[in-house]
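Heads up: the structure comes next, in structure tokens.
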Amino acid sequence: MIVYNEKLKSFHLTGGRFSYVLYVNKAGFLQNVHYGARVQESDVAYLIGYRASAYAPDSEDKNCDMALNEMPSEYSSYGRGDYREPSLIALRRDGARMSRLRYASHKIFDGVPAVKGMPHARGGGSTLAVTLKDDCSALEIVLHYTVWEESGVLVRNVEIVNTGSEPLVLEKAFSFCCDLPEGEYSLLRLCGSWARERYPETAPLAHGVTRLQSLRGASSHQVNPFTALLQKGCSEESGVCYGVQLIYSGSFALTAEKTPVGTVRLQGGIQDIGFLFSLGGGETFVTPQVMLTYSNEGTGGMLRSIHDFIRAQIVRPDCVYKRRPVLVNNWEATYFDFDNEKLFAIIDEAAQLGIDTFVLDDGWFGKRDDDRSGLGDWFVNQNKLKGGLQAVIDRCKQRGLKFGLWFEPEMISEDSDLYRAHPDWAVKKEGVKPVCGRNQLVLDFTRKEIVDYVFGVVGKVLRENDISYVKWDMNRNITEVYSAALPPEKQGEFMHRYILGVYDLAERLTAAFPNVFFEGCAGGGGRFDAGMLYYFPQIWTSDDTDAWERAKIQWGTSYAYPLSAMSCHVSVCPNHQTGRTISFETRGAVASLGATGYELDLSKMTKEDKEKTKAQIAAYKEIDELILKGDLYRLSDPFEGKYFCEMVVSKDKSRAYVVGERMLYMPCDYDVTLCLAGLDGEKTYRIRELNITASGAALCTVGLKFPRLLDFGSWTWHIEEVR
Ligand code: DGJ
């Protein structure tokens, strides 16, 4: 709900359990008054008196603007007294960059504003649009705030309008700014690398600017476009925190600036390093959306709000709760070295085990026997696959399986027919030898004709073959940021235009093939973000499938993304990434906490493991609805203790599923209590595997003991209400 109080000039936005209060002060600046626990509308006057007046520049006297440096701003500008990081820098023709934004008007309307060409919240809710005007240029800024009655998430973005006739250049155009009051905060971030994506890291927020960013053209393995500010004392299920998450997949920056007086400025959006966007007279620039999530129930409360929001507003509605196929992917089974016989052996076995879909990974097209050639040539390699894709699809059909196929649409190999025909289609700069990543170059997706071409060739494969699943991979980041097709003054738009090209292709392919289920991937989980989830309901979480490493990666990922978004596979041991051997049961248990599948040569499995696979798939089909729709409670942090343990509870609290894993065994170890969470205290439950019956209250407060297990042992518990 959004309430405007004419007398106070305040806006009170509410959703879930939060209130967000803004007010136009006497000098006409829009300032933040409160972001936190839900308050009454009648409290707004008190909040303005208590919070706002201390900072409010309320006259036009000479020193008024210096007060901007302390004022909790909603979108900060540059060069007029606020020395904190600005949200916006606009360079004018005369070389001036300063701006100062004052309230001009506002509108309140139903729904979410359109963000053309970019992923966005899909609908419902109500929006406040506040227009601010620069008092020294023709710039107008429209701040959008959308709230939903039941959601703990607030969505923001910004429209920047050049109302003049002279062009200007945006050097920085963040999506939001939020100044929080003084406090002792820690910053949570999700960092890592290939095969170690989204490890959580929490550290006290130090004075100055803390910056999380990607310069890679993708959201990256290294730093996820998510962060959370935790108030002192915030833990998994109690305390206050603020989540910040971009609905964007390209280069980004998120910053948290702690001032000398302890207040914190959170802001972020499109990466400003290298960004220069020219805005002609009358033109408008629209930033990506950001999700802000307030929780007073710890990080657990925050992540459940985020999961609900991503499922309700980001993921395709026709796919979000659709049963995910249990699949087998041939990548780790064969890598590039396959032929019909090898694939048929996997397909035949998959059918025996209850697998739904066979996904043919990299290497089926062009001349591609290793990663040095073939990308861009999206026609089947008949030498490798006798009878082409049709033969493999026929085999799948005969065995009752569906067929999925791998693409890497954004890439081109120098050794490819496509490159020989269009060497200028690769991202590079004449006279500069391009840096190769995984022996490949990136197609210039800022150019519409190239996106059109890829749409045509990938679309042809999808049209001519019975394909139900696509894995869209992306295995390198961008260098030599330059487009032969852009004029010099627009080269600074490259990175943003590139990701718009990716979104365009994803939008067109998913619309043209509505029955194809798309999985995102980027050399593992190198582009795991809310932007990609708009098109691809699930994303390959990491190339590391070692069941202990994976538990940690999935734990980190779950801070910002629902379990249903994570593709999780059982792979062979010794594990290809870590060399470690972990039992088949534990690999299956960890992989059941997501969209599950297998990534190994089924035909080489022992009889015993085949039986285990059948049992795992049958067990998964019992709980997959919980994975798609349930609430996640995280019981034991693998980064802190000896156990990983997560629990999913159905919305009506009648069922739950627990998965746990022990790290290293220790002789004579003492027992550790495991309290369940999320159950209804009044209800009685039975834990099937333990044959225990007790109330939700007892299970969540007294708890039980962690099972005593050897290295990397695991358990799964099915919990049902006893009526
Ligand atoms: C990286 C992906 O993460 C893998 O699963 C696999 O698809 C390879 N690329 C294929 O090149």
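The values are calculated or read from the model by the stated rules, or taken from the named source; none is laboratory data. Values in this document were obtained by computation on a predicted structure and should not be read as measured data. All Cβ positions, glycine included, derive from the backbone under ideal geometry; neighbour counts span all protein chains shown. Protein only, heavy atoms only, side chains kept; ligands, DNA and RNA dropped before computing areas. Shrake-Rupley method; radii C 1.70, N 1.55, O 1.52, S 1.80 Å.
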Virtual spin-label span in nm between Val672 and Leu215, 7 Å along Cα→Cβ: 4.0 nm
Ala484 paired with Glu6, simple spin-label distance in nm, labels 7 Å along Cα-to-beta-carbon: 6.2 nm
For the range 334-350, 3J(HN,Hα) per residue [Karplus equation, 6.51 cos²θ - 1.76 cosθ + 1.60, θ = phi - 60°, Hz, x = Gly/Pro]: 10, 6, 7, 8, 9, 9, 4, 4, 4, 5, 4, 5, 5, 4, 4, 5, 4
Net +/- balance of residues flanking Ile314 in space, Cβ distance below 13 Å, scoring K and R +1, D and E -1: +1
Euclidean distance between Cα centres, the range 288-366 to the range 644-672, Å: 24 Å
Isotropically averaged projected area of the range 173-301, using the convex hull of Cα atoms (one quarter of hull area), nm²: 8.7 nm²
Gained length - Ala96 relative to Asp337, 0.36 nm times residue gap less alpha-carbon distance: 80.8 nm
Reachable lysines from Lys367, criterion Cα separation under 16 angstrom, eight or more residues apart if same chain: Lys384, Lys386
Dipole axis of the range 343-433 (+1 Lys, Arg; -1 Asp, Glu on Cβ), positive-most option in Val432, Ile393, Leu353: Ile393
Average accessible area per residue (Å²) across the range 415-479 - probe 1.4 Å, nucleic acids and ligands excluded: 44 Å²
Calculated from backbone phi, Karplus (6.51, -1.76, 1.60) coupling profile of the range 106-111 in Hz, x at Gly/Pro: 8, 9, 10, 8, 7, x
3J(HN,Hα) from dihedral phi, the range 320-333, Karplus parametrisation 6.51/-1.76/1.60, rounded to Hz, x for glycine, proline: 4, 9, 6, 3, 7, x, 7, 10, 10, 10, 8, 4, 6, 6
In nm, spacing of pseudo-spin labels at Asp318 and Glu622 (7 Å Cα→C-beta vector): 3.4 nm
Residues in the range 161-179 reached by a label modelled at Val432 [backbone nitrogen below 19 Å; 7 Å Cα→Cβ]: none
For a label point 7 Å along the Cα-to-beta-carbon line of Gln398, residues of the range 426-468 with backbone N under 20 Å: 465-468
Helix-only CD estimate at 222 nm, as mean residue ellipticity for the chain, using -39500 (n - 2.57) per DSSP H run (n ≥ 4): -6000 deg cm²/dmol
Radius of gyration, Dmax [the range 509-662; alpha carbons; angstrom]: 15.4, 48
For the range 606-687, radius of gyration divided by Kirkwood radius, i.e. Rg to Rh on alpha-carbons: 1.03
Under-5 Å amide H pairs with Ser151, H placed in peptide plane, nonlocal only: Gly16
Cβ crowding within 10 Å averaged over residues, with 207-215, 476-484 ranked highest first: 476-484, 207-215
Whole-angstrom gap from the range 85-127 to the range 212-258, using each part's C-alpha centre: 21 Å
Surface accessible to a 1.4 Å probe, per residue, for the residues of the range 238-372, Å²: 27 Å²
For q = 0.07 Å⁻¹, Debye-computed log10 I/I(0) when each Cα of the chain counts as one equal scatterer: -0.50
Candidates per GluC sites (Glu not before Pro) in the range 230-317, loop by DSSP, up to 16 other Cβ within 10 Å: Glu283
Alpha-carbon centroid distance for the pair the range 440-508 / the range 512-541, whole angstrom: 15 Å
Extended-chain gain in nm, criterion 0.36 nm per residue less alpha-carbon gap, Thr259 and Lys448: 63.6 nm
The range 88-131 residues near the modelled Glu507 label - backbone nitrogen below 11 Å, point 7 Å along Cα→Cβ: 115-120
Potential lengthening between Arg688 and Leu710 on full extension [0.36 nm per residue; Cα-Cα distance subtracted]: 5.7 nm
Loop sites in the range 119-226: GluC sites (Glu not before Pro), DSSP, at most 10 other Cβ within 10 Å: none
Among the listed pairs Lys342/Lys402; Lys402/Lys607; Lys9/Lys107, those beyond 21 Å (Cα-Cα): Lys402/Lys607
Protein accessible area in the chain, 1.4 Å probe - carbon and sulfur %: 52 percent
